[in-house]
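Here, each number is a calculation from the coordinates, and none is a lab measurement. This structure is a prediction, so every number in the text was calculated from the model and none was measured. Glycine also receives a Cβ, built like all others from the backbone with ideal geometry; neighbour counts cover every protein chain displayed.
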Amino acid sequence: MKPPPFHYHAPTTLADALTVLGETGPHGKILAGGQSLIPLLNMRLAAPAHLIDINRLAELDRVDVDDGGVRVGALARHARVEADRSAAEAIPLLRQGLRLVAHPVIRNRGTTVGSLVHADPSAEMPAVLALLGGSLDLVSASGRRTVAAADLYVGPLESCLRADELAVCARFPRPAPGTGTAFVEIARRRGDYAVCGVAALVTLDDDLRVAAARAAYLSMAPVPHVLDLIEAVAGRPPDTADFAAAGRLARGRLDPEDDIHATAEYRAHLAEVLTARALREAAEAAVGALGASRPDPERAT
Amino acid sequence: MSARMFGAPVQRTEDERLLTGRGAYLDDLGADAYAAVFVRSPHAHARVRDVDVTDALDVDGLIAVYTHEDLTGPMAEPLPLLLPHPCIVDGRTPHALAAGYVHHVGAPVAMVVARDRYLAEDAAERIAVDYEVLAPVVGIEAAVAAEHVVHAGMSDNVAAHLVQEVGDARAAIAAAPHRLELDLDIERSACTPMEGRGVYARWDEAGGSLRLYSSTQTASGVRAAVAAKLGLDVGRVEVVVPDVGGGFGVKIMHPWPEEVMVPWAARRLGHGVKWTEDRREHFIAAAHERGQRHTVRAGFDDEGRLLGLDVEILHDNGAYLPYGVIVPIVTSTQLLGPYKPGAYRVEFRSLYTTTVIVTPYRGAGRPQGVFAMERTMDAIADRLGRDRAEVREVNLIRPDEMPYDQGLLFQDGRPLVYDSGDYPRTLRMVKELIGWEGFAAERERARAEGRRIGIGLACYVEGTGPGPYEGGHVQVGTDGRVRVATGLTSQGQGHHTILAQIVADELGVAMSDVEVTTGDTRRMPYSVGTFASRGAVMSGSAVALAARKVREKALRVAADALEADPGDLEIAGGRVHVRGVPGAGMDLGTVAVLSNPLRYAFDEASRAATQFARPADHAAPPVPEGDAPGLEGTDFHSPLRSTFANGAHAVVVETDPETAEITILRYCVVHDCGRLVNPLIVEGQIHGGVAQGVAGALYERMAYDADGQLLNASFMDFLVPYASEIPPIRIAHLETPSPLNPLGVKGAGEAGVIPGAAVIASAIEDAEGFPVRSMPISPSDLFGLRRRFAAGEIPPLRRAERARGRRANETGEPDV
C-alpha cells in the first residue's frame, strides 16, 4: 500500500497549474483533498505519472453567496461549505447533503468540487448539484467552459472533464421561492456510502399546492439520477399529496444493482420508501419556508 | 497499611503513554531496516508454473528476491502443525513460499527485499508469475460436495473428523416426548486488529544470534518455531514483542510464513529486515474465523428439559490446518453452556476450502456454539409455548452441583469440568437488568406507535485460563523498585496494570514502584502465550506466586538484619518493619542489598552488603544452603484444568417495518469472571467484546465470490462497526471465585463477544415473528427474510401466531 512513483508538482498560480496540466495531459492528476485519490494511489489502482497539487492556489479556497446561489471554489473543504451559514440559508440542501458526506475528519480535508469531479454515483454532492440543476466551471490553458450537471456525468467515476481541464468552481443555483428540500439515506454504518440515498425538492405555488417535485438518487444508477415525480403529486396540498405514490413511481423508473451490502430488490424498495419520506420532509420544509416569509392566514387562527 | 489494589478500579498505567503517541509498535522500530514485500497469489487455487523476476531486477534499490527454490532444509519444508490431534485425518500446512501450488488468494509466492517499502512494492509489481488456474473450492457446500479437492493426494476435503458422545443421544431423542431439528449458520468474520502483523529481525554476526521483534501473541512460541526453522539453538534467538495494536486471536497463530522469511533473509543478508503487513494483506493472508454450519437435533420433555442433544458441525478451516482443530473442539464442548443436555452427541468435520486459514478469533468457536444452543432453547420454548427464560431455567446446572463434569474433553485436553458458578442467579439478574417481565407491556406500547421491538436472551459458559503453564519473575532492585516479568504478551488488555496491582498487594509496595515486562524471552523464556482469556488467570497467578516467594525471602533477610522473628514482620509502603512498630524496619531496597552478599562495593548502598560491613556468622556460608543471592523469585502457575467463567446477555432491538433497519435499544450483560482484579478493565473488555459481538451479528462478514476472491478486503467494505453503531451497555457483575488458582480469578477477555449473534438473533426473531437461523443479518437480509415469510416460505413463530390470535379475540378483528 505504497503509491507507485510519480512526479509531484505544486504550482502557486492557477496559470502555472493549467500549464502543467496541459503538458501532462492524461498522465496528470489533480490533488486537492486527496480523500479518494490517495487511497487509489496507495492501493495502486491508479498510477498517474504526475500529481498536480492545487493546495497552494488560495484563490480557489472560497465560498460565495449571492442572489444567484452559492459558488464553491475548488479548494473549499466540505467542512467549510457545511459551516457556511449564508450558504446554508440560501440553499439548505447543501448542508443537508454535506452532513451525510463520510465523517468529519474526511470533510475537514476533502473538497466539494473534488467530490463532484470524482463522479462517484454513491456520493452526496453530485446528487445535490444534479437536483438543483447546477453546473461546474472548467478552465484549461486553452479556455473556459461551464458544464451543466446533467451533462457532467458519463458513468461511474467518469465525468466529461478533459485531461487538461481543472474544475475551479461549482455553481449551486438557488431553488425557486416556496421550495423545500430534504436529504435522506440509509447507510450500513453512519457515514458510509449510502445503500440508497434520496435528495428531494418540493416547490409549492402561491396556493400552497405542489408545483414541483423532484428527487435525485445515490447508489441507484451509474450516475446521479434525477427523477421528476410531479405527476404523482401535482396540484395537491402537501398534507394530502400522495407521496407514497411518488415513491412507487420512482421505484418503477429505477433499476438498481446488487452489491455485497444489498440486493437490487432491497435497494428498489428503499428507493420507494425513502422517496416518500424525503418528499414529505421537503414539502414540510417548503411550508415552513413559506410560513417564515409570510403569515399563513389559515394557520394564524 | 496501603489500600488494597486488587479489586480497585485503577486507571490503566499503559494509557498515558499509548494515548499520547509514545507507544512503540512494530513499524516504529528498525528505521534502517530493509523492507520486505510479498508477491501474493491472485488466484484461489493454482499451480505455479514459473516466477519470472527479470523486470524487477531493474528497480533501483532492490536487494533480493526469493522464491521457494531459494529455501533449503527446514525452511523448504511445510510450516508446523502447531496443535496435533488424533482426529486430524490429513493435516496440511503451508510452505513459507509457495512450493508449486497456491491454495488461497493472498498466499505468498515470492519475497522481495528492497531499500524501502515503496521500492519493494515497485519491484513486486514487476514480478511475473505464470499460474495454471485450478478449480476453487469456496464455502462449506462446495467443500462437502468435493467435486474438486483443495489438496492433491486427498480424495475429499475433510481435514479432521471427531465424534464425542456422552450417553446415547440418538436413542434419548427418539424416546423423547418432543423433538425438533434446526439448521444454523454463522458466516466468516475476522479479528482485524488496528495494527496488522509485522516482523523485524536483526542478525548479530559476531554473536551468531538473532533478535526478532514480532507483533505476536506468543514470544516463546515464535522463538521456538523460528529457531527450529533456522536451525538455531533457542538460546541464540531472542524474541521481543513491542507494543501491539490489538490481536483478538489472530496473532496467536505462528509462525506465519512472513515470520520465518524475515529472520531468514536478515541472517542471509546480514542486515535488518522488516515487514509490516498492510490492510489488504491482513484480509487475504492472515486468518479468519467463525464460518460454521450446525445441524441440531433435540429431544425434550413437556417443560422443555433437554433429554438428548445431537449436533453435527461442518467447519470451514480454509486452505490449511496449522492451528489444528481448536475452533470446532471449542464449539463442540462449549455449546453446552450452563445447561445439562441429557445425553449428548457431537460430531464435526473440519473442511479444506481455497480461502484464508481459520484460527481462533476472540470467542474462538464459542459464539457459534452459543448460537446453536441458544437458538435451540428459543425453538424449544416456542414449540412448547413456554417463556424462553423458563425453558433455560429448567436446564441450568445448579450451584450445588459444582464442580460439574460434562463428561467431555476440552480444548486443553483436560476434562470439561465446570469449577464454579451460579447460573440461576446469573439468569435472574439479566432478566431484571433488561426488564424481561415488563417487556410485554413495552412491546404493546411500541406496537401502538407503529414500532416493532423484540427482546432476546442468551447464556454462555466460557472455559478460560487453560494451561499448561505461565511463569512470573519478580525482582526487587537495590533502588527498592520491583521489576516483574511474565512471558505472555500484551495487545492492549491492560496486563501491565493488573499484574502491578497483584504484585503491589502481595509485596506491600506502591503500584508506582512496580514495572512490568511482558513478551520478552530475555526476561522470561518459559511461556505459552496470550489466548483463551488466560492473562489474569495464568500470569496473574504466576506473578502472585513469585511475589510470595520474594516476600518470604524479604522477611527472612530483614529478620536476620533486624534480629527479629520473621513472623513479627510485615511489609507496607515498601518497608519491612516490626508489626506495630513502623520505626523499626528497613526499606525493601536495603533488604535487596543485604540479600546479595558482596565482595566489592560500587556505591553507598552496596557497602552494606560487603564482607567487612557487619558481623557475620562464620559457621554459615554467606549464601545459605538452598538459597540464592538477590531478592527475586520465579514461580509458575500450572492449573489442573481450565476455569469456567459464565454470563448472560439480553438485548432489546427495534426493526423498522419499512426499511428493515435494525437498531439496538438497550444491551445488558451479567458477567461472572470470579474475583475482579480491576472492574474498570473488566468492563472495558466487556465493552470491546460486545462491540465485536454486535459486529458479528449485524455487520461483519467475508464476502467471497465463487472464484474465491474476497470482495470486501478493505475497511470500506468490511464493516467494523463505529462507536456510533454500538449501543450503551449496562453491566452487572457476579463474583464466584475459582478454586483452581491462588487468586480465585477467571478470564474476562473474550466473554463480551460470545453471545452476540445468539442474543441479537433471538431479539430480531422476537420482533419479527419468524425464525432467524443464520447470522450475521443485514437490513437487506432481513428484508429478504420478510419477503420469504410473506410468501409462506418461512413458518411463523408459534408464539407470534398465538399473540395474533389473542389480539384478534380482544379486538374482535384480525390483526394484519
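Three semi-axes describe the equivalent ellipsoid of the stretch A:179-292; taken as square roots of 5 times the Cα gyration tensor eigenvalues and ordered largest first, they are 26, 14, 10 Å. Using the Cα coordinates of the protein assembly as shown, the gyration tensor eigenvalues translate into equivalent-ellipsoid semi-axes of 54, 40, 31 Å, sorted from longest to shortest. Report the Stokes-Einstein translational diffusion coefficient (µm² s⁻¹, integer) for the stretch B:470-637, Rh taken as the Kirkwood radius over Cα pairs, at 4 °C with viscosity 1.567 mPa s. Estimated via Stokes-Einstein, D reaches 79 µm²/s.
Can you list the GluC sites (Glu not before Pro) in the stretch B:598-674 that are in a DSSP coil and have 12 or fewer other beta carbons within 10 angstrom? Counting only loop positions with at most 12 other Cβ atoms within 10 Å, the GluC sites (Glu not before Pro) in the stretch B:598-674 are B:604, B:625. Cα centroid separation, the stretch B:101-162 to the stretch A:175-201: 43 Å. Between helix B:756-768 and chain B there is an angle of about 20 degrees, using the helix long axis and the longest principal axis of the Cα atoms.
Applying 1/(1 + (r/R0)^6) with r as the Cβ-Cβ distance of residue B:163 and residue B:428 and R0 = 41 angstrom yields a FRET efficiency of 0.70.
The stretch B:443-459 and the stretch A:104-167 have their alpha-carbon centroids 45 Å apart. The modelled label-to-label distance for the pair residue B:301/residue B:146, using points 7 Å beyond Cα in the direction of Cβ, is 4.2 nm. By the Stokes-Einstein formula, at 0.890 mPa s and 25 °C, the stretch A:7-52 with its Kirkwood radius over alpha-carbon pairs has D equal to 225 µm²/s. Given R₀ = 56 Å, what would the calculated FRET efficiency be for residue B:675 paired with residue B:171, taking r from the Cβ atoms and rounding to 0.05? The calculated FRET efficiency here is 0.85. Estimated at 0.36 nm per residue, the fully extended path between residue A:89 and residue A:66 surpasses their Cα-Cα distance by 7.2 nm.
Placing pseudo-labels 7 Å out from each Cα toward the beta carbon at residue B:732 and residue A:105 gives an inter-label distance of 3.8 nm. So if we plug the beta-carbon distance of residue B:49 and residue A:257 into 1/(1 + (r/R0)^6) with R0 = 25 Å, what FRET efficiency do we get, rounded to 0.05? Between residue B:49 and residue A:257 the formula returns 0.10.
Summary value for chain A: 15 percent relative contact order, contacts being C-alpha pairs under 8 angstrom separated by 6+ residues.
For chain A, the alpha carbon convex hull comes to 129 Å³ per residue, rounded to a whole number.
For a label point 7 Å from the Cα of residue A:12 along Cα→C-beta, name the residues of the stretch A:50-76 whose backbone N is under 16 Å from it. Residues A:53-60 fall inside that zone. Distance between the pseudo-spin-label points of residue B:612 and residue A:207 (7 Å out from Cα toward the beta carbon): 11.9 nm. Compared with the alpha-carbon gap, the fully stretched path from residue B:804 to residue B:440 is longer by 129.7 nm at 0.36 nm per residue.
Bridge orientation summary for the protein assembly as shown: considering DSSP beta bridges with both residues in this region, about 80 percent are antiparallel. Against the compact-protein benchmark of 2.2 N^0.38 Å, the Cα-based radius of gyration of chain B scales to 1.03. Sites listed here are chymotrypsin sites (Phe, Trp or Tyr not before Pro) in the stretch B:592-669 whose DSSP assignment is loop and whose Cβ has at most 14 other Cβ atoms within 10 Å: B:600, B:602, B:612.
Put one equal scatterer on each alpha carbon of the stretch A:61-173, apply the Debye formula with no solvent term, and list log10 I(q)/I(0) at q = 0.15 1/Å to two decimals. Treating every Cα as an identical point scatterer, log10 I(q)/I(0) equals -0.57. Helix B:219-230 axis versus longest C-alpha principal axis of chain B: approximately 80°, rounded to the nearest ten.
The trypsin sites (Lys or Arg not before Pro) of the stretch B:598-654 that meet both conditions, a loop assignment by DSSP and at most 16 other Cβ atoms within 10 Å of the site Cβ, are B:599.
Between helix A:14-24 and chain A there is an angle of about 70 degrees, using the helix long axis and the longest principal axis of the Cα atoms.
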